[in-house]
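What follows is one structure encoded as structure tokens, with my remarks underneath.
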Amino acid sequence: MGLTKQYLRYAPSGTFNIIASPDCNSAHVSLNGISGRYVAVGACEHVIIWDMRIGEKAQVIPGENVVVSQIAASPTGNHMAVGYVDGNINVFELTNNEIVCVFAGHKSSVTSLQYDEQGHRIVSGSKDTEVILWDVVSETGVARFSGHKGAITSVLFINGKNCIVSSSKDTFVKFWDIETKHCFKTLGGHQVEVWSAVLLKEERYLVTGSMDQELRVWKLNWTDKMKEEDKLVQQLEIVKIEETDNTDDTSVLQCHQVGTLVRGGRGRVVGLCTDPGQTVLGCFGTDSLLELFIFCSDEEAKARMTKRVKKQRKKLVKLKENGEADEDTVEVKELLTLSDEVKRLTSVKLSAKMKSASLLLGTTGELRVAVTLANNTVEMHSMKLGEENEVKCLKQITQPGHQKEPRCVAISSDNLAIISGAADSIKLWNRTSQACIRTIPVACRGCYTGGADKTVKLWQFELIPDPTGDSKAKVLSLLHTRTLELEEAVCAVKVSPNNKFIAVGLMDSTVKIFFLDTFKFYLSLYGHKLPVLCLDISYDSTLIATGSGDRNVKIWGMDFGDCHKSIFAHNDSVTALQFVPSTHYFFTASKDGKIKQWDADTYENIITLNVSICVNVCVKLFFSSNKILYSCDLEEALLLLPLSAAGEMVRLMGALLARAGGQHAELVARAACFLLRVHRAPLLADTDLLKHLIQIQARAHMRINELRDMVGYNLHALQWARREAEAARSEQLFLAAAGERRARHARTKQRHALKRPIVTIT
């Protein structure tokens, strides 16, 4: 018998990039008694509860290998029901993420979930056309309701009547009795699929959404406890409102359409949502518009009706006086209509297509709207009812994931980081924690060039078939899209970070700024005596700095084109200029062999670097820039280096320690120790690098001894000088000075201590 060949086993260890799955709904969740702050969303097989105040994950409910399709939070805030695409439903305890119970009854994806008002029962709908009622307390199924011929789109509890409402793609809305477990009412007023349904205003109104631009509003009238005379009066009112509807005397429920709400969005209705108090209605379609309606209270509805009737009566009287209406015209009747019951609120315009929405109305009248978008984004918006209804975006979570599908991924050589690329950005991830370390936005999908032909050309990246015919794979090419024609040769060109302007440095010593979309002229910057050789625009697109052959650097405002400051920067032509990201600091390079850093706000020269050869430029820039950074920034920058770059740095550190000063020697030694701690095994295994490490150890030890000797020499010299001065003047000068300083410091602390109670009292 031969030997058995063994293979390594691979298992998933984490999920990157996901903020919210587009095929799952969202829900407001209460954690630690706090509501309006946390939003639960599906994230592949997990459920993430986002803290919308700080934009971080508050809790993660782990799943296995099945994608989440529907979630529902219990009214008590203790549990969360999670439905999966395989038809199972898990109920989790939010305090410890433990599974309370598992319900397995559906054959396909769960499409709708809802708790009753006590949180003891759950009703679920699925693509298998079944509606199932579950008991959370006894952890069993109560009833299965069969009758729909299409996938279930919504299931709702009518808590006051112990009933369930379900809508389906078979165009029907059915009412189910929980006790008898049968359908006692079917609405057939839809001609196409019913995509969503919600109950409003104490379960008295049912709103359904379909393929058209109208939301149908149905009024529910229960006749089981009504007197016969009241039933007849109500039936007459129903006939007056909708003469085309048919009423059924034998049914305990009379459901008639009282009107429609016209949508402003395009496409079919994707979802309807309401707050737990059933006051505000939200509707969204296949676009990026969320429409909001509010159902008024009975008192407000009557007041609106009285105002409307009064206005119509005045208009009727005026028409009669002008002879435009007959004297026998019937007076306006006081009858509540849908326009009296419902008001339209300000719509929320979002940046991408909507996938789900969740509403929460606070006791102060603040409406919080949580939405998930198709571009992997979660947003929280706020609106104050009763005022101007201005919508404010409280938080937008986009950083932890790509907004478009990632197309490529690669792992670093040391297995510590992962990089992924998409059409919107490039992101660097920590492999162990799956956290996003860096995001590089990809704003421009091409490049731009300028030349002596007096033109600036814009190019777009494009994949074309291999012109050589050697392979079937496509190769990257450039497609010329637009051309900006100018009067002079182009020396430098830059597009602003907000993609609004393009700045061009010309041979006539001027800089011209144009709008990027239309190439319309915007500003002209003139003041240099020689051609502008380099320029750059700050990260916030408010400042532009230009370097010229006249050895000057000028800082301009992008709003009016005024020159903020002209600096004589170098002793020769300024050849390169670039801003530091997220700051108003910038570096300049010149033919005089110096690199300088400047502050564009205070116009100060921060640092000057003397460079000799190209390699030293890179190394000196790296270590000198760390003078103004914390130690954690140095370590973080070194951590991002691949193993090959770390090896090159180790080869250079020995030479740097041989000629570096005390402060630079300390930085080099610290960097060498950190690299050795991170890449210990591969660095020690390389025999070529081992001799460099030994050299670094010897020279670092020598430099440390030199620093120790210098500090000791200076310390003893100062002590000798102090003794000589004290002996000459017969007094302890330095001790007296130190004592006076301590006394002055003590008096200052006493004054501050006296000020504190005074400030507290006032």
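The values are calculated or read from the model by the stated rules, or taken from the named source; none is laboratory data. Quick caveat: nothing in here was measured; it's all calculated off a predicted structure. Backbone-built Cβ (ideal geometry, glycine too); neighbour counts: all protein chains shown. The area values use the complete protein model at the heavy-atom level, side chains included, leaving out ligands, DNA and RNA. Shrake-Rupley method; radii C 1.70, N 1.55, O 1.52, S 1.80 Å.
When only the Cβ of Lys, Arg, Asp and Glu is charged (+1, +1, -1, -1), the dipole of the range 1-91 relative to its Cα centre reaches about 220 debye. Charge tally for residue 261 (other residues, Cβ to Cβ under 14 Å; Lys, Arg +1; Asp, Glu -1): +1.
Across the chain, how large is the tail of the calculated P(r) beyond 33 Å, expressed as a percent of all Cα pairs? It would help to have the intermediate numbers written out before the result.
On the way: 201714 of 289941 pairs.
Pairs farther apart than 33 Å: 70 percent.
Please work out whether the range 367-445 counts as rounded, prolate or oblate from its C-alpha gyration tensor, where a ≥ b ≥ c are the square roots of the eigenvalues and a/c under 1.5 means rounded, while otherwise a/b larger than b/c means prolate and anything else oblate? Prolate, because a/c is 1.5 or more and a/b exceeds b/c.
Please identify the longest segment of the chain free of exposed chymotrypsin sites (Phe, Trp or Tyr not before Pro), where exposed means a DSSP state other than H, G, I, E or B and no more than 16 other Cβ atoms within 10 Å. Maximal segment without exposed cleavage sites: 11-518.
Here the simple spin-label model places points 7 Å from the Cα toward Cβ, and for residue 526 and residue 390 these points are separated by 4.3 nm. Quick one: pull the percent of accessible area on the range 90-192 belonging to carbon and sulfur, 1.4 Å probe, ligands and nucleic acids left out. For the range 90-192, the apolar C and S fraction of the accessible surface comes to 46 percent. When the trypsin sites (Lys or Arg not before Pro) in the range 383-485 are filtered for DSSP coil states and for at most 15 other beta-carbon atoms within 10 Å of their beta-carbon, the remaining sites are 404, 445, 454, 472. Sequence-distant contacts, meaning Cα pairs under 8 Å at least 6 residues apart, place the relative contact order of the chain at 5 percent. Principal-axis analysis of the Cα atoms of the chain puts helix 643-659 at an angle of about 30° to the longest axis.
Rounded to two decimals, the Cα radius of gyration of the range 492-575 over 2.2 N^0.38 Å is 1.00. Among the GluC sites (Glu not before Pro) in the range 74-146, those located in a DSSP loop and surrounded by at most 16 other Cβ atoms within 10 Å of their own Cβ are 98, 117, 139. Among the trypsin sites (Lys or Arg not before Pro) in the range 486-578, those placed in a DSSP loop whose Cβ has at most 16 other Cβ atoms within 10 Å are 500, 520, 529. List the residues whose amide H sits under 5 Å from the amide H of residue 296, counting only those 5 or more places along or on another chain, with H placed 1.01 Å from N in the peptide plane. Answer set, sorted by chain and number: 342, 343.
What is the magnitude of the charge dipole of the chain about its Cα centre, with +1 placed on the Cβ of each Lys and Arg, -1 on the Cβ of each Asp and Glu, and no other charges, expressed in debye to the nearest 20?
Values: 91 positive and 87 negative charges, 597 e Å.
Here the chain has a charge dipole of around 2860 debye.
Computed from Cα positions, the angle between helix 228-241 and the longest principal axis of the chain comes to roughly 60 degrees.
Sequence-ordered 3J(HN,Hα) estimates for the range 572-583 from the Karplus curve with 6.51, -1.76 and 1.60 and θ = phi - 60° stand at 8, 4, 7, 9, 8, 8, 7, 7, 7, x, 6, 9 Hz, glycine and proline given as x. For the range 471-585, the fraction of 1.4 Å probe accessible surface lying on carbon and sulfur atoms is 53 percent. Think of the chain as a dipole: +1 on every Lys or Arg Cβ, -1 on every Asp or Glu Cβ, centred on the Cα centre; then among 317, 338, 196, 196 lies furthest on the positive end. For residue 320, the aspartates and glutamates whose Cα falls under 12 Å of its own Cα, not counting residues fewer than eight places away in the same chain, are 328, 331. Heavy-atom surface analysis with a 1.4 Å probe gives the range 275-369 a carbon and sulfur content of 51 percent of its accessible area. Between 0 and 90 degrees, rounded to the nearest ten: what's the tilt of helix 687-729 against the longest Cα principal axis of the chain? Here the helix axis deviates by roughly 70 degrees. Between the listed residues 143, 105, 165, the Cα displaced farthest toward the positive end of the dipole of the range 90-176, a dipole computed from Cβ unit charges relative to the Cα centre, is found at 165.
Leaving out ligands and nucleic acids, and using a 1.4 Å probe, what accessible area per residue does the chain come to in Å²?
Working: 41850 Å² over 762 residues.
Here the per-residue accessible area is 55 Å².
A simple spin-label model places the labels of residue 31 and residue 713 6.0 nm from each other, with each point 7 Å out along Cα-to-Cβ. Work out the charge dipole of the chain with +1 on the Cβ of Lys and Arg and -1 on the Cβ of Asp and Glu about the Cα centre, then indicate which of 80, 272, 571 is farthest towards its positive end. With unit charges placed on the Cβ atoms, the residue in question is 571. Couplings for the range 585-594, taken from phi via the Karplus curve 6.51 cos²θ - 1.76 cosθ + 1.60 with θ = phi - 60°, read 8, 8, 9, 10, 10, 9, 6, 7, x, 10 Hz in order; Gly and Pro are left as x.
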